[in-house]
4 protein chains.
Amino acid sequence: MAENSGVVFLGQNKVEVQSIDFPKMQNPAGKKINHGVILKVVSTNICGSDQHMVRGRTTAPTGMVLGHEITGEIIEAGADVEYLKVGDLVTVPFNVACGRCRTCREQQTGVCLNVNPGRAGGAYGYVDMGGWVGGQAKFVMVPYADFNLIKFPDKAQAMEKIKDLTMLSDILPTGFHGAVMAGVGVGSIVYIAGAGPVGLAAAASAQILGAALVMVGDMNPDRLKHAKKVGFTPIDLTKGDNLGDLIAQVVGMPEVDAAVDAVGFEARAQGNLKMRFGLGWAKSHRFYTGQTPVLKYNRQLIQAILHDRLPIAKIVNATVIPLDDAANGYKDFDSGVAKKFILDPNGLLGKAA
Amino acid sequence: MAENSGVVFLGQNKVEVQSIDFPKMQNPAGKKINHGVILKVVSTNICGSDQHMVRGRTTAPTGMVLGHEITGEIIEAGADVEYLKVGDLVTVPFNVACGRCRTCREQQTGVCLNVNPGRAGGAYGYVDMGGWVGGQAKFVMVPYADFNLIKFPDKAQAMEKIKDLTMLSDILPTGFHGAVMAGVGVGSIVYIAGAGPVGLAAAASAQILGAALVMVGDMNPDRLKHAKKVGFTPIDLTKGDNLGDLIAQVVGMPEVDAAVDAVGFEARAQGNLKMRFGLGWAKSHRFYTGQTPVLKYNRQLIQAILHDRLPIAKIVNATVIPLDDAANGYKDFDSGVAKKFILDPNGLLGKAA
Amino acid sequence: MAENSGVVFLGQNKVEVQSIDFPKMQNPAGKKINHGVILKVVSTNICGSDQHMVRGRTTAPTGMVLGHEITGEIIEAGADVEYLKVGDLVTVPFNVACGRCRTCREQQTGVCLNVNPGRAGGAYGYVDMGGWVGGQAKFVMVPYADFNLIKFPDKAQAMEKIKDLTMLSDILPTGFHGAVMAGVGVGSIVYIAGAGPVGLAAAASAQILGAALVMVGDMNPDRLKHAKKVGFTPIDLTKGDNLGDLIAQVVGMPEVDAAVDAVGFEARAQGNLKMRFGLGWAKSHRFYTGQTPVLKYNRQLIQAILHDRLPIAKIVNATVIPLDDAANGYKDFDSGVAKKFILDPNGLLGKAA
Amino acid sequence: MAENSGVVFLGQNKVEVQSIDFPKMQNPAGKKINHGVILKVVSTNICGSDQHMVRGRTTAPTGMVLGHEITGEIIEAGADVEYLKVGDLVTVPFNVACGRCRTCREQQTGVCLNVNPGRAGGAYGYVDMGGWVGGQAKFVMVPYADFNLIKFPDKAQAMEKIKDLTMLSDILPTGFHGAVMAGVGVGSIVYIAGAGPVGLAAAASAQILGAALVMVGDMNPDRLKHAKKVGFTPIDLTKGDNLGDLIAQVVGMPEVDAAVDAVGFEARAQGNLKMRFGLGWAKSHRFYTGQTPVLKYNRQLIQAILHDRLPIAKIVNATVIPLDDAANGYKDFDSGVAKKFILDPNGLLGKAA
């Protein structure tokens, strides 16, 4: 059996690549399963939500293997896996989902009722998400493989676009979900709060949904510069106190058709949302929360990428680094560089990088 | 020209029926209009939102004529009114709407851009809603009549169900909007917070939308008793601190498919909504605000009423009183009786009452 | 191993209850599966679409075991069945679906891509639908059980309403799909063509979707009489040549908001639909085809039945007969009686009947 | 009062620019109206549906002024026009709509109930569409102006893109409606039948809706060549009998996610649609008919054009000709050239052309 190694959380601001167990065909409770596959990880990205844990703002236990943005090749398939086979190159939605409960049947895989005894919704390598081992590693196990995975039909073609396709596991459908739920459509004037990778993915999503104008606000000059370079209208939040005024300077009025928050809960000390009734209430607002159900979107996003409609790698400035450099990747990302880091655990991205 | 009288706001907890001007064919800015009609008011209801003003929690100016729930007969029609004529019996949506702006064209008449210089959305007899004269009166003017009004095809049939049809101007579509936005559908398990008239209208709406079970929570024993009498499952909020537990006693688990808040901002000292990120956020919630766009719903609700599918008068315990008793009606309603008061300004409801 | 018997198709107008194989845990190609369950059949209905085969209008092979409307109790569960167990009482959607392909993930289980090598979509006991053995039998095998089946939470309660719940496997969601696709909603004026069981299920569905008025047209006096008895407005098609006129006599104009065809292809010699462009085209029509995806609807329909909102057994005149009387049931149904036949293969419906 | 001239239909294959009446503020029945405006026509296009009349396939009366694709400047406004003024540059939806009936309120302006006594739906210069005078002329009257018209906020900016914006009156929203009703979304594989202007507009619409791949089929080599030049994948229908095979050569399988018919009824001698039940029926198809409700789409399409997301003029090969050359324009268009002709009745397009 092959050896394995992965990114392990060791406490606040400390991660390290260590030797870890080779994946087993069992669920976190230790029950043997037949519906899983074991993947040789082709690419796995560092996510902003990994930082919530690494920064010590959660109860993530030390020793946990991180990583929920995974693309890989099947090297072993359980007896109940009927529609995938060894050698297939697949994208892994970050949501672990059973495909058999009420919410999965309704395409709400982000709140699967069966994969996390603690509450609805599971994920790989994440605190309170069911205990599934993370995929910033050489090898990882994916359960309910027939349901969760989508195979790329042409492996060589997919490897050529792997830096784009690796974004399908989380960041792209997360941004897309934001844009869809915000009601972005053809001709929309859109504001995205935050020019980090998720903000840029939301902006790219707004673009392909037909938005007329996509503004991206941030205070980080590098990120604003990059946002502009890849075709969005930067809003420099250091230039004024009133967002409406900054928007009016672009649009002619302090109004947009749709807005997406891609900053996240760390922007506030409290992690609370406050909304005044009265005038705000009267505006007929809609407000949505929740994790994206990746599987609802990734087939269509794959097609958009494969037909050159969605250059997400370029938009988020995808940057490949070896698995062994993961700790530096975390550090750089934390500093606010305008990059999205892809780990290359098995040295397969050579050409793509 | 006929004399007019109406319910006038005279300061905190003080309303009085006084002689008022006969309606003019002009907008609040004093500009003559041709698209309006003057109605002899057949019925006009006291609304919980009138109480916000009367209780002194708003900046409503004294001297204002109240009333935005209006049904009436056309006694005069402007030159540009093409599809209605004198003698027609019509229901008046509480939203004043122009029918010509972007939001009206998109069925969002609750945020019409043209009828209120202060902000989006207008109403009759309401603070900050554009200055349109209220309709708790003998006569009232309705602008953009062809767009706003729906005529009852058979006047005699309509007068027989007038206590139901009078609820079309606000309370029924308000409850219906709540139920629709909450996603109520066939088989839904529903919780409505508040057993006042709007809560009951939301419950009735949930029922006709196909809900399997409609629970209505309140602390007022009379209102709970009435809710039960008309077919809903009462949840007595004085019986426990935890709503989930009270619901679980009925449903078997602390969970519903859809919920509607029909209590309103007075329930909190601050008029703010607070929502914790984290667990709450992860549940994929949706949250909606805003006034109902009556015109989007009232045609279908009329048909449901006329075909005996929606006995809303009985459900909200419609109670007719003379216009001159309006002050008492406000007082009784404020005390929390399980009644919805209909004013009868022209003595036309005799039989219906 | 228990013995089995079932309804076997023996050629035009000929069916017979014969001894058949006990179900095996394998797919029609003979491959062993772990995701299936074996059911003791509690109830199984005769469907109008079974008649297409029995009347000899299809290429159904003799020897085929019929039956796709199945409710049963699990007596054996494969190793990969995780969320159901022996003893569970479950409803079986007539669509065999894998829960793992693109269409199943999108709730389009009626066109599953994996269960029928011939084309999209599978069913039990039906020609050209993948070769899955039918369930008008004592025992039957259901694959992909975790995905396909819904368990009734309270077995005793379910057995009390079994004559209603048995309609969940096909006829009720079929009628519901028709009503939903036709756009029936609160206040709709609806016309259903055909007062057979599916027409009545569509009518019942329109009712719970909030229709103001549900008309059902037919030429069979018994079926019209029954439709009237259970609360719909019968349209006797023998009374005139022009459907518009007959509708206008009820509604006042020759117009409805939504219409459902519940007659089927046998109404025409050719099995073709013809539509004139020009005026018909200009009316902005919508036209839908296809089999209902049962799993999309049955959870909500279960809740409606269990909470006494949808008395479908009474509406379709559910009539229980022993399995051994199946041949007579087919004959009676073919004659146009106003009944829906439920077979009772294991004598478990005694009390319900 | 200014003189007027316009394109007059004089019988099969015969149109001529003649002197015509200056527009009056009255409806086709001769009733004076206050809600209309008179426009100096800035641009007005020749439409494929004009050809239906000119080719003699309709009952269009001789003497009729043609033209329903109109953009113009207001030179006179009725007393009831409140939100537009003289000098405004506006786009005119081809659908004449009252903005006051049930269907207009529901955004279905293509089947307005009030503007055509013969049936639902009106248009300018078109047989059986209510008798509204056409706009291939120097001047034209538009009723219900506040409702129907959308003003371009910046006139100079609009004149710079006038060859794009002129497509808003019909062809672009017609193509967009086709793409929307066909379900085109992000990542869709799309087939458009017909590479004429409407087909190209549907293709452009599919593109901005996020389609991954847009194929356009035709037999006309010039049109195919142009379709390729502007970015679509041409399907040469002369290369094979089986469309599925031609599609499979591009996509790898004979299957698309969405299809739009942009050929029209002239493709068939009979003007009938035939659909086989059975296999076709089982595929869960959806089929839509009707004219586009322009007003539902043109605001968002304007924004897309003004922000350089939708170069529709280039895509349909917009070609400006003087009004006096209209007859030649009709002839050339009839011959199948890959052009969309814009008439310039008042010599205002000099720069744009």
Sole residue being at pLDDT 95 or above, open to solvent by 60 Å² or more (accessible area, probe 1.4 Å) and either within 22 Å of B:Ala137 (Cβ to Cβ) or among the hydrophobic types (A, V, I, L, M, F, W, C) (or both), chosen from B:Lys331, B:Lys296, B:Lys314: B:Lys331
Some residue of segment D:132-154 being touching a residue at least 60 places away in the same chain (Cβ under 8 Å), open to solvent by less than 10 Å² (accessible area, probe 1.4 Å), more than 14 Å from chain A (Cβ to nearest Cβ) and within 27 Å of D:Lys225 (Cβ to Cβ): no
Qualifying position, being of a type outside the set (Ser, Thr, Tyr), at positive phi and either open to solvent by less than 30 Å² (accessible area, probe 1.4 Å) or free of Cβ contacts under 8 Å to residues at least 24 places away in the same chain (or both), among A:Gly63, A:Gly72, A:Gly11, A:Gly78: A:Gly11
Options A:Gly185, A:Gly130; residue that is assigned to a loop (DSSP other than H, G, I, E, B) and over 16 Å from A:Gly110 (Cβ atoms): A:Gly185
Complete set of residues in segment D:90-128 that are within 10 Å of chain B (Cβ to nearest Cβ) and on the phi > 0 side of the Ramachandran plot: D:Gly99, D:Gln107
Pairs with Cβ under 8 Å, 6+ apart, first in segment A:216-234 and free of Cβ contacts under 8 Å to residues at least 12 places away in the same chain, second of a type outside the set (Val, Ile, Thr) and crowded, with 19+ Cβ neighbours inside 10 Å: A:Lys228/A:Pro234
Subset of segment B:34-59 (residues that are among the hydroxyl-bearing types (Ser, Thr, Tyr) and modelled with pLDDT of 95 or more): B:Ser43, B:Thr44
Entirely in segment C:286-350, the strands (runs of 3 or more DSSP E) that have 1 or more residues that are acidic (Asp, Glu): C:340-344
Residue under evaluation A:Gly178, criteria (1) in contact with a Phe, Trp or Tyr (Cβ under 9 Å, 6 or more places away or on another chain); (2) under 13 Å from A:Pro293 (Cα atoms); (3) open to solvent by 10 Å² or more (accessible area, probe 1.4 Å); (4) part of a loop (DSSP other than H, G, I, E, B), criterion not met: (4)
Which listed residue, of C:Phe147, C:Phe94, C:Phe139, C:Phe152, is at pLDDT 95 or above and out of contact with any strand residue (DSSP E or B) (no Cβ under 6 Å at 6 or more places or on another chain): C:Phe147
Cβ pairs under 8 Å, 6+ apart, first in segment D:337-350 and under 16 Å from D:Asp218 (Cα atoms), second part of a loop (DSSP other than H, G, I, E, B) and among the aliphatic types (A, V, I, L, M): D:Ala338/D:Ala195
Check on A:Asn346, open to solvent by less than 20 Å² (accessible area, probe 1.4 Å), under 30 Å from C:Cys101 (Cα atoms) and among the polar types (S, T, N, Q): no
Residue, modelled with the lowest pLDDT, within segment B:252-281, restricted to residues that are in contact with a Ser or Thr (Cβ under 9 Å, 6 or more places away or on another chain) and part of a helix (DSSP H, G or I): B:Gly280
Residue within segment B:194-206 that is under 18 Å from C:Ala212 (Cα atoms), of a type outside the set (Ser, Thr, Tyr) and within 12 Å of chain C (Cβ to nearest Cβ) present: yes
Of all residues making up segment D:227-259, the number that are under 21 Å from A:Arg309 (Cα atoms) and either open to solvent by less than 20 Å² (accessible area, probe 1.4 Å) or in contact with a Leu (Cβ under 9 Å, 6 or more places away or on another chain) (or both): 11
Qualifying residue in segment D:103-124 (condition: open to solvent by less than 20 Å² (accessible area, probe 1.4 Å), touching a strand residue (DSSP E or B) at 6+ places or on another chain (Cβ under 8 Å) and within 20 Å of D:Leu348 (Cβ to Cβ)): yes
Matching residues in segment D:38-60 - criterion: being in a strand (DSSP E or B) and crowded, with 20+ Cβ neighbours inside 10 Å: D:Ile38, D:Leu39, D:Val41, D:Val42, D:Ser43, D:Thr44, D:Asn45
Residue match in segment B:163-171 (condition: surrounded by fewer than 24 Cβ atoms within 10 Å (Cβ to Cβ) and either touching a Cys at 6+ places or on another chain (Cβ under 7 Å) or closer than 16 Å to B:Ile312 by Cα (or both)): yes
D:Met219 vs. criteria under 17 Å from A:Leu209 (Cα atoms) and surrounded by fewer than 21 Cβ atoms within 10 Å (Cβ to Cβ): no
For D:His35: the one exception among (1) surrounded by fewer than 24 Cβ atoms within 10 Å (Cβ to Cβ); (2) in contact with an Asp or Glu (Cβ under 7 Å, 6 or more places away or on another chain): (1)
Candidate set from segment B:297-336 (those that are free of Cβ contacts under 8 Å to residues at least 12 places away in the same chain and within 14 Å of another protein chain (Cβ to nearest Cβ)); member that is farthest from C:Glu255 (Cα to Cα): B:Asp308
Residue within segment B:110-122 that is of a type outside the set (Lys, Arg) and in a helix (DSSP H, G or I) present: yes
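The values are calculated or read from the model by the stated rules, or taken from the named source; none is laboratory data. The structure presented is a predicted model; accordingly, all values stated were derived computationally and were not measured. Please note: Cβ atoms are built from the backbone with ideal geometry, for glycine as well, and neighbour counts cover all protein chains shown. The accessibility values were calculated without ligands, DNA or RNA, using every heavy atom of the protein model including side chains. Shrake-Rupley method; radii C 1.70, N 1.55, O 1.52, S 1.80 Å.
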